């Protein structure tokens, strides 16, 4: 933790004098701005994708499945959550490669996969961080008493109305809690982008400048910190912290 | 809630598809590990186990494996001690800055790994003047392992009533005896689960590791990353990848079983909490 606080000063301190030049570079040069925008964009897309994928699965786990199936599903979701990040990124690298399984499967249809690039980064990130979204949503849904749902049912609400008017507002803080992880983890990632694309992200830029220009790298690393602090403050407002 | 047949079926299909999405890539890697051909073209030419033998004989991979074990064990050890102490303090005592501590402990996992990595790297090399080495890897891993242990223990402490400790004190036990005879046995499974998860995390951590590893030091994930680009090493990388999956999955599975088996009547509530604790416990 102490290292985190020292970071801000450090960006100027390596030459033993305090300067804001590095921050100026980051703000003024287009490269950094477009890299930041691209990273934030991908992080947001990944978060939305994961919410869409996680909701039905989490709902099925929490409210529909029998206890036996539920505990199986919990393990099925938790195990990949903890299994190697690198291996998962690597698996996608092989799947998306020219001669990979995706192109092989799509070939008879006459189309080819997205190859390496931004789409690949989006896919891989959504894949890797998906369980991080499922778990909080599942926990949030489990907290909703069944009686609330049957009450809505008895009052004549259709399934979709119940979802929109009852479940969604109740589970929203949990979704925000999950999005903290998907968003933050995507923001700082640099391994997956290097494996499946050649475009630059915040992580890859920091990684490549840290050996040549440490203060600049550190200054650029404060960008995700700043974004995350704002994000966490909003998340706290939305009541997400009770779900962490 | 009553669901129409169609909605129920749609939900099942969505669940199945998502699970397939989660597991197909892992399956692909396992299949590639048995691939006879040296390239990654699909479908594989044939199946063989010869690469497993070659992987075990590969000194680079073996050294990296041992280093990962060592770093994981030591980081977990540090995390168990510090994480337990921090969680005891936060769960049982009210003191100035308590809320801040619980926030600060959680912060490293809410921050992108690259930030922790850069922060550690600059602290070590610029402020403390420490050479990057196995020691710095361990310290780096300990930072997020502490969070895992802390979360598990704090979740357990919330479930445990403080009255047990008060009763012990009333019966004349010193604080140390109370800790040893009352608190610790109650925390045991939480500690084992936290330790296993911490070890699993440390074993395949890569982002923080790239910033804290010395030049000669290669943990297993670093070795994999390094060998991606070497075509003739590819089959061995595939095998090592499968080994890494296994080693990170087994502790998680064990930890999950451990925390699920006990708890009895409170299991439903507790499991929700535990899931949250686990969800939080990610760097």
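The values are calculated or read from the model by the stated rules, or taken from the named source; none is laboratory data. A quick note: this is a predicted structure, and the numbers were derived from the prediction, not measured. Neighbour counts run over all protein chains shown; Cβ positions are idealised from the backbone, glycine included.
Report the residue count in the range A:177-198 for those that are surrounded by fewer than 23 Cβ atoms within 10 Å (Cβ to Cβ) and within 18 Å of the chain's Cα centre (by Cα).
Residues flagged as surrounded by fewer than 23 Cβ atoms within 10 Å (Cβ to Cβ) and within 18 Å of the chain's Cα centre (by Cα) within the range A:177-198 amount to 3.
Report whether or not residue B:215 is closer than 30 Å to residue A:210 by Cα and out of contact with any helix residue (DSSP H, G or I) (no Cβ under 7 Å at 6 or more places or on another chain). Spell out the reasoning first.
Working: closer than 30 Å to residue A:210 by Cα: yes; out of contact with any helix residue (DSSP H, G or I) (no Cβ under 7 Å at 6 or more places or on another chain): yes.
Yes.
With respect to residue A:183, determine if the residue is in a helix (DSSP H, G or I) and closer than 17 Å to residue A:38 by Cα.
yes
If residue A:222 satisfies all but one of (1) more than 9 Å from chain B (Cβ to nearest Cβ); (2) more than 25 Å from residue A:60 (Cβ to Cβ); (3) surrounded by fewer than 24 Cβ atoms within 10 Å (Cβ to Cβ), what's the number of the condition it fails?
Single failed check for residue A:222: (1).
Here are some conditions: (1) within 10 Å of another protein chain (Cβ to nearest Cβ); (2) buried (at least 20 other Cβ atoms within 10 Å of the Cβ); (3) modelled with pLDDT of 80 or more. Residue A:63 meets all but one. Which one does it not meet?
Of everything listed in (1) within 10 Å of another protein chain (Cβ to nearest Cβ); (2) buried (at least 20 other Cβ atoms within 10 Å of the Cβ); (3) modelled with pLDDT of 80 or more, residue A:63 misses just condition (2).
I'd like to verify a number: residues in the range A:192-202 that are under 15 Å from residue A:42 (Cα atoms) and assigned to a helix (DSSP H, G or I), how many?
Final tally of qualifying residues: 5.
Residues being closer than 17 Å to residue A:91 by Cβ, assigned to a helix (DSSP H, G or I) and at the interface with another protein chain (Cβ under 10 Å from one of its Cβ atoms): count how many of those fall in the range B:224-260.
The total comes to 15.
Using the structure shown, decide if residue B:138 is loosely packed, with under 15 Cβ neighbours inside 10 Å, more than 13 Å from chain A (Cβ to nearest Cβ) and at pLDDT 85 or above.
Here the answer is no, as residue B:138 does not meet what is asked.
Being within 10 Å of chain B (Cβ to nearest Cβ), farther than 18 Å from residue B:25 by Cα and under 16 Å from the mean Cα position of the chain (by Cα) is the requirement here; does residue A:45 meet it?
When the stated conditions are applied, residue A:45 does not pass them.
Just to check your reading of the model, which residue among A:167, A:137 is touching a residue at least 40 places away in the same chain (Cβ under 8 Å), more than 7 Å from chain B (Cβ to nearest Cβ) and closer than 20 Å to residue B:252 by Cβ?
Within the list A:167, A:137, the selection yields A:137.
Going by the conditions given, is residue A:205 more than 9 Å from every other protein chain (Cβ to nearest Cβ) and farther than 18 Å from residue A:44 by Cβ? Don't jump to the end; show me each part of the working.
On the way: more than 9 Å from every other protein chain (Cβ to nearest Cβ): yes; farther than 18 Å from residue A:44 by Cβ: yes.
It is true that residue A:205 is more than 9 Å from every other protein chain (Cβ to nearest Cβ) and farther than 18 Å from residue A:44 by Cβ.
For the range B:99-112, does any single residue satisfy the condition of being at pLDDT 80 or above and either buried (at least 23 other Cβ atoms within 10 Å of the Cβ) or farther than 26 Å from residue A:218 by Cβ (or both)?
So far as the range B:99-112 goes, no, none of its residues is at pLDDT 80 or above and either buried (at least 23 other Cβ atoms within 10 Å of the Cβ) or farther than 26 Å from residue A:218 by Cβ (or both).
Where residues in the range A:66-107 are at the interface with another protein chain (Cβ under 7 Å from one of its Cβ atoms) and farther than 19 Å from residue A:122 by Cα, which of them is surrounded by the most Cβ atoms within 10 Å (Cβ to Cβ)? Working first, answer last.
Initially, the range A:66-107 is screened for residues at the interface with another protein chain (Cβ under 7 Å from one of its Cβ atoms), giving A:75-76, A:78-80, A:82-88, A:90-92, A:94-95, A:97, A:99-101, A:104.
Filter once more, so that each one left must be farther than 19 Å from residue A:122 by Cα: A:75-76, A:78-79, A:82-83, A:99, A:104.
Details: A:75: 13, A:76: 16, A:78: 21, A:79: 20, A:82: 24, A:83: 20, A:99: 11, A:104: 14.
Checked the range A:66-107; the qualifying residue surrounded by the most Cβ atoms within 10 Å (Cβ to Cβ) is A:82.
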